[in-house]
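Working notes for the structure below.
The values are calculated or read from the model by the stated rules, or taken from the named source; none is laboratory data. This one's a predicted model, so the numbers in the text were calculated from it and none came from an experiment. With ideal geometry, Cβ positions are generated from the backbone for all residues, glycine too; neighbour counts draw on all protein chains shown.
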Amino acid sequence: MESLKNKNIVIGVTGGIACYKVLDLIKKLKTSGANVHVIMTNSAEKLADKKDFKKASGNEVRDSLFEPNIDYKDYIKKNKPIKHISLADIADLFLICPATANIIGKIANGIADDLLTTSIMATNATVLICPAMNVKMWKNPILQHNIKRLKELKYEFVEPEYGDLACGYKGMGRLANLDKIADRIKSIIARRNNLAGKKILVTAGATSEEIDPVRVITNKSSGKMGTYIAEEAFLRGAEVTLIRGSNSIEPQYHFKDIKINNVKDLLNEIKKNIKDKDAMIHAAAVSDFMVSNKAKRKLKSFETLNLELSPTTKIFEKIKNMNKDVFLVGFKAEYMVGKNQLTYRAYELLKSANADLVVANDVGKEGRGFDTDTNEVFIVDKRKNTKHIGLSDKRIIANKVLDMLK
């Protein structure tokens, strides 16, 4: 299939009895046009011959961090590429197949003590894990805890299947069907590259305005929604610029990341970065007010304080004046309103900014809004069409928004 043409798939083969099945999977991926690179653990080499994997992949099989008798001084002088970094960098997708309970536990707990785990630690590529093991190991609560943790960290899984196992038991634990794994790989690669060539500007987090040199007024915001949008756009191949205020999370990937404090800073950075962008997603919680009577000294805590507030610049409404061709997406937070009122206000904001989409949500409802990992949103377009996304993980919502970019 065209989706895998010239894509680099790095496969980590671990010491599960199903490792011999990976040879057929490699052939499927090669037939689809992929370049396949294999890393084998020491345990895997006790079960399978790495010569077979070299023949199937057409590339040398890697199994150790360093060459035998390596002198690190020689590495530095000759500027040789370090294997775990070079494989991590070239990967369009990192596949672990079969994945044992041991390798899953290592990754979940940040252990990087061989070529495979070190490469996974260093990659920006999607990591797809295909477990295969004894049914009792699969049901072990420690393993399930590790899998849950990895899913929360955005590692992807193809779950094992029910059937006869090599150990003589019957139950969950058999490696998933190879066609299913291949289809999942193709799906991830297609998603990863569907924004290739696009330049996207994202804002996230809260701005703040000074009361005095040590105190501020601000809006509630974790910054998760905007940061997740930036990360998912990056994983889809876009060139991403993130401008963010106060956040509870740091981006996991390496793209342009600009930190700002107040509304003035945010506006200035948008002006600097908006001109060549294809899309802008404005998820920042921008302060609506600034302090007119800001103190130049730290106010004493026992002093009576009367703040004079004045409106800040409505940034969202100015974006199209800076770049009339940018595909513009905004966010609208309301508190305890009905669906009709929520979508009406979202559409009014869309019109006032000449935007393309507005994502609206009611932060007064449980599990939605600022400090949660979930949200429920209504996405309104220029034709008043409304797409409802029920209570979902914010990363799922991020991808739904990105699906609607043009």
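Residue count for region 5-22, restricted to those that are closer than 16 Å to VAL127 by Cα and either of a type in the set (Asp, Glu) or surrounded by fewer than 24 Cβ atoms within 10 Å (Cβ to Cβ) (or both): 2.
Listed here are the residues, each with its yes/no results for (1) free of Cβ contacts under 8 Å to residues at least 24 places away in the same chain; (2) in a strand (DSSP E or B); (3) touching an Asp or Glu at 6+ places or on another chain (Cβ under 6 Å); (4) surrounded by fewer than 21 Cβ atoms within 10 Å (Cβ to Cβ).
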{"site": "LEU307", "(1), (2), (3), (4)": "no, no, no, yes"}
{"site": "SER310", "(1), (2), (3), (4)": "yes, yes, no, yes"}
{"site": "LEU328", "(1), (2), (3), (4)": "no, yes, yes, no"}
{"site": "VAL359", "(1), (2), (3), (4)": "no, yes, no, no"}
{"site": "GLY364", "(1), (2), (3), (4)": "no, no, no, yes"}
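Under the condition of being charged (D, E, K, R) and farther than 14 Å from VAL216 by Cβ, the residues counted in region 252-270 number 4.
In summary, helices (runs of 4 or more DSSP H) completely within region 30-125 and bearing 2 or more residues that are within 24 Å of the chain's Cα centre (by Cα) and modelled with pLDDT under 95 occur at 83-90, 115-122.
Can MET336 be described as over 26 Å from ALA190 (Cα atoms), at pLDDT 95 or above and assigned by TED's automatic domain parsing to the domain that holds HIS282? So MET336 does not fit the description; no. Hey, among the residues in region 241-259 that are under 28 Å from SER3 (Cβ atoms) and not in a loop (DSSP other than H, G, I, E, B), which one's modelled with the lowest pLDDT? So the residue we want is LYS256. The set of residues in region 131-149 being surrounded by 18 or more Cβ atoms within 10 Å (Cβ to Cβ) and either under 22 Å from GLN252 (Cβ atoms) or not assigned by TED's automatic domain parsing to the domain that holds THR14 (or both) consists of ASN146, ILE147. Could you tell me whether any residue of region 234-242 is in the same structural domain as PRO131 (by TED's automatic domain parsing), more than 30 Å from GLU334 (Cβ to Cβ) and surrounded by 15 or more Cβ atoms within 10 Å (Cβ to Cβ)? No.
I'd like to check something: does region 334-350 contain any residue that is in a strand (DSSP E or B), surrounded by 18 or more Cβ atoms within 10 Å (Cβ to Cβ) and touching an Asp or Glu at 6+ places or on another chain (Cβ under 8 Å)?
no
Taking each residue of region 44-65 that is in the same structural domain as ASP113 (by TED's automatic domain parsing) and without any contact (Cβ under 8 Å) to a residue 60 or more places away in the chain and looking for partners that are buried (at least 19 other Cβ atoms within 10 Å of the Cβ) and among the hydroxyl-bearing types (Ser, Thr, Tyr) with beta-carbon atoms closer than 8 Å, six or more apart or interchain, yields ALA44/THR14; ASP63/THR41; LEU65/THR118.
Evaluate region 275-288: report whether one residue or more is hydroxyl-bearing (Ser, Thr, Tyr), more than 20 Å from LYS224 (Cα to Cα) and part of a loop (DSSP other than H, G, I, E, B).
Taking every residue of region 275-288 in turn, none turns out to be hydroxyl-bearing (Ser, Thr, Tyr), more than 20 Å from LYS224 (Cα to Cα) and part of a loop (DSSP other than H, G, I, E, B).
Of note, ASN321 does not satisfy the criterion of being modelled with pLDDT of 95 or more and either closer than 16 Å to GLU209 by Cβ or buried (at least 18 other Cβ atoms within 10 Å of the Cβ) (or both).
Being assigned by TED's automatic domain parsing to the domain that holds ASP371 and over 30 Å from LEU153 (Cβ atoms) is a property that LYS256 lacks.
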